[in-house]
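Heads up: the structure comes next, in structure tokens.
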Amino acid sequence: MLMSTLTAALLCAIAYFICFGGNWLLAQNMADQPIVVGPLVGLLLGDLHTGLVLGAALQALFIGAVNVGGAVSLNPSFGTTLAIAFAILSGGDAKFALAIAVPLGLLGGLLEIGMNILCAGFGSAFDKAAEAGDEKRIVFLHYGVWLFKYLVFAIVIFIAVLAGATPVSNFVNNLPEFITNGLGVVAGLLPAVGFAMLLKMVWSNKLAVYYVLGFLCVAYLKLPLIAVATLGVIVAVVQVGIDQEVLKIKQSGVPSTVEGDVTELEEEDFLS
């Protein structure tokens, strides 16, 4: 039994490292989502069916957990890995897995915040390497910090699975109330701050009209988010088409006076 527990803990750590670490190494390919993590954990532990079912259920549970602009509220992949592992090792108790997934995700979020703060300390080393023009050292630091960060997560997963569900669940439930309340308040504020930071980076007077349009659609017309997103895609496609036509005109060598007339005509058509 001890050997099987060790093996299960090792397999869960490997699965988490591949999904969570691979997501951030390979252009955020969404490999850390519960719908991906769950089946992989289930497959490695010999119960693909439970992994698929719980992965889909936890995907719906964590679908609103979006970390934006450096703000971390929950770590869905952390909670999913441990919850499914505990469910399979305890005989497939799905209700237990769903009950502890969010607290475990909160614990993973705390760990992620701590690791982000710790890894930020390597910033000065990157700056020095960049100033010296040492490309090899920059590459080494990049992959070295990545390996360090996600190995720590994998080790925590390994220890948690090895310890078992009861001690981990007790630890999460015994967190002081002021910590959980404080985290809840911060989790509610940080996404707004993150969106504000992103909006500041992409803001321009030309794009302001689209922001106002989106606000009106949601606040006054009460359109659902899917409808607003579809409208955004349509506007983006139209805008890309206009930009491509303007680019073709410029590349064809049309005199600047004609370009000015075309631009002025487009503006008149838009405002009419």
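With the simple model of a label 7 Å out from the Cα in the direction of the Cβ, residue 151 to residue 218 spans 4.2 nm. Within a straight-line Cα-Cα reach of under 25 Å, residue 250 can be paired with the following lysines, leaving aside sequence neighbours fewer than 8 residues apart in one chain: 206.
For a straight C-alpha distance cut-off of 18 angstrom, the lysines reachable from residue 136 (same-chain residues fewer than eight places away being disregarded) are 128.
Each of 157, 63 was scored by other Cβ atoms within 10 Å of its Cβ. Arranged with the fewest first, they read 63, 157. Working from label points 7 Å from Cα in the Cα-to-Cβ sense, the residue 250 to residue 229 distance is 3.2 nm.
Every number here is computed from the coordinates shown, using simple stated rules; none is lab data. Computed from a predicted structure; not experimentally measured. In this analysis, Cβ positions are derived from the backbone assuming ideal geometry, glycine residues included, and neighbour counts consider all displayed protein chains.
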